[in-house]
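Rule-based calculations on the coordinates, nothing more; no lab input. The shown structure was predicted, so the numbers you read here are calculated from the model rather than taken from an experiment. A quick note on method: Cβ atoms are made from the backbone with ideal geometry, for glycine too, and the neighbour counts reach across all protein chains shown.
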Amino acid sequence: MCGIVGFTGNSVAAPILLDGLSKLEYRGYDSAGIAVRDGDKDFEVVKAKGKLKSLIEMTDHGNAVKGTCGIGHTRWATHGEPSVLNAHPHASDDENVVAVHNGIIENFQEIKEKLSKSGYTFKSQTDTEAAVKLIDYYYKKYNLGPVDSIARAMMRIRGSYALCVMFKDYPGQIYTARKDSPMIIGVSDGQTYVASDVPAILKYTRNVYYIGNLEIAKLEKGSVTFYNIDREEITKTLTEIKWDAEAAEKGGYEHFMLKEIHEQPKVIADTIKSVVKKGRINFENINLTDEEMKNISQIYIVACGSAYHVGMAAQYVIEELTSLPVRVELASEFRYRKMKFVKDSLVIIISQSGETADSLAALREAKENGIKTLGIVNVVGSSIAREADNVFYTLAGPEISVATTKAYSTQLVAAYLLAIGFAKAREEITDERYKELLDEINTIPDKISRILEDKERIQWFSAKVAAVDDAFFIGRGIDYAIGMEGSLKMKEISYIHSEAYAAGELKHGPISLIENGTLVIGVNTQPELYEKTVSNMVEVKSRGAYLMGLTTYGNYSMEDTADFTVYIPNTDPLFAGSLSVIPLQLLGYYISVARGYDVDKPRNLAKSVTVE
Ligand code: F6R
């Protein structure tokens, strides 16, 4: 999705803006632009279609643009094609107001019509231009200054937005406002930064303010003033971001994705340690009591994409360890379903970014229905983290690769810990089983490290199958859920058509797609289901499939069926998904590399999906 960076201070703004935008490239974009102001001179606006590299070259790395106050933007087209004209910043007709915007303004047509009657003209196809001109309209009509004009525009606008606005009459100042689209403000050494995402400013400061929904901020050199939509001044406290700047760099790896795959043992261990103290689960930080866990009667897990796949795997674990029924829902569907919530239920929203529009809407839907909510979230202070009743923070650190790996793995472990915690609080597992599960969960990081040591075999296999057009992932139970994630990893970064099927479903249709050389990956780690899945693998093999088997050490008979077998260390079957997903992440990664794609920034995708 789009990215925003703003700066006002004593340093030259353009290089800081470009550097910040480069840190947001991973979010996905198709054009970029900056607007910078030198004192009270006119705004200098530079925009380019395509990669940020063009904008960097056009401005000589920002050095050709003078001024210490400016805003920048990477645009991911929603309204209007990717073009210089549609790229941000946008300006009012007389360049009195210049702004960048993330989000979608739903009633932009209506606003355009209103403003056209007052003589405004529109150059671009964007919704943003309507917002900029609406602010200009109120600014001139009421003559009560920037905060007033932005507040009036906010009352008129429907949709989501993070806005950074500069006014001709207010040199050195940037005004920001937001609703349902993230934005943080950082202050350090007399300089002030604003960005839509932490990595953009992490290099300069770790002390940030979170601007709330329907709030406005005035940024000046080294200071910020906050207002609510009634233009009253409000106070905010600074929050320290614990992520360090290095965590958002590649650290010697060719791609962020490979680096993040390798970080998994550490971030999983950190996430476990955050709630397992002295051999016991302690949910004090999450604010979840045994009493509350006892009284829950049903769990809904709601999420999008890979986070939804975590929910699919978690469902099997929670249902096996507790008596709680679990429903796993896609947030985009859940939010519009006319369903009655079961009394005393808990809605768990899983989200790395904490800003996914559908997941946030699902959370609000649950809250409006009086249902308790718990977020499993990675980004501290994100909207879902702030609005959920309880938050279980995953400690994955900044995830830059669009395709998630380490955030997914920490979410999965968080879900196991919740399952064990619920089972214990509800007295549904023995003390012995509780200890056994906690001992086993602690072995996951080392077991992942062992799998990573053998990555060259997967690299070799990936090169061999890189030219396939189709792939199928099959498995049963938890293996099916992991297959869904493996399939998504493959399709999103390798652009190979790929599907995941519950192995028992094959005969009901999909098996007709299997022909000579079709790649099939059989995930088969669950002892109780092993023979059944092997039968399904034999069925596709006998129809010509090229078969990769993924199973645990000891199941060597897999080699009688599969053309290539990958083994993972033995663990409790409930946790096998944390291990079996690793070779599948590597498979997606190495195939993408072999096909020569931009692994970290796959086409058409955005890291955090803040629009519907
Ligand atoms: C796939 C991927 C996406 C996200 C999905 C939800 O690799 O990363 O499918 O899982 O967009 O994002 P969050 O977790 O930020 O809500």
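Below are the figures for this structure:
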read-out: Viscosity 0.890 mPa s, temperature 25 °C, Stokes-Einstein D of region 316-475 from Kirkwood C-alpha radius, µm²/s; value: 135 µm²/s
read-out: Charge context of ARG335, other residues only, Cβ under 10 angstrom, K/R +1, D/E -1; value: -3
read-out: Which of ALA545, TYR209, HIS255, positive extreme of dipole for the chain (C-beta unit charges); value: TYR209
read-out: Helical contribution to [θ] at 222 nm, DSSP H n ≥ 4, -39,500 (n - 2.57), averaged over the chain, rounded to 500; value: -11000 deg cm²/dmol
read-out: Where only alpha carbons of region 392-493 are counted, the Rg and the Dmax (Å); value: 16.9, 52
read-out: Sorted by Cβ neighbour density within 10 Å, fewest at the top, the residues ILE591, ILE511, ILE318, ILE350; value: ILE511, ILE318, ILE591, ILE350
read-out: Proximal charge balance of ASN295 [Cβ under 12 Å; K/R count +1, D/E count -1]; value: 0
read-out: Fewest-first ranking of THR322, THR205, THR430, THR525, using other Cβ atoms within 10 Å as the exposure measure; value: THR430, THR205, THR322, THR525
read-out: Per-selection Kirkwood Rh - region 101-211 (Cα, Å, 1 d.p.); value: 15.0 Å
read-out: Footprinting exposure proxy for SER196, SER274, SER512 (fewest neighbouring C-beta atoms within 10 Å first); value: SER512, SER274, SER196
read-out: Whole-percent pair-distance distribution, where bins are 20 Å wide, for the alpha carbons of the chain; value: 20, 49, 27, 4, 0
read-out: Per-residue ³J(HN,Hα) for region 35-47, Karplus 6.51 cos²θ - 1.76 cosθ + 1.60, θ = phi - 60°, Hz, x for Gly and Pro; value: 10, 10, 10, 9, x, 9, 5, 5, 5, 9, 10, 10, 9
read-out: Centroid-to-centroid separation of region 449-528 and region 140-216 [C-alpha atoms, Å]; value: 45 Å
read-out: Aspartates and glutamates with Cα under 18 Å of LYS41, excluding same-chain neighbours fewer than 8 positions away; value: ASP93, ASP94, GLU95, ASP169, GLU220
read-out: Region 248-403 pair-distance distribution - Cα-Cα, 5 Å bins, rounded %; value: 2, 9, 17, 21, 21, 15, 8, 5, 2, 1, 0
read-out: Hydrodynamic radius by Kirkwood, which averages 1/r over all alpha carbon pairs of region 427-551, in angstrom; value: 15.9 Å
read-out: Cα-centre dipole for region 384-472 with unit charges at Cβ (Lys and Arg positive, Asp and Glu negative), debye to 20; value: 200 debye
read-out: The chain - percent relative contact order, Cα under 8 Å, separation 6 or more; value: 12 percent
read-out: Percent of Cα pairs exceeding the 27 Å cut-off, where the set is region 188-316; value: 48 percent
read-out: Two-decimal ratio, region 17-158, of alpha-carbon radius of gyration to 2.2 N^0.38 Å; value: 1.04
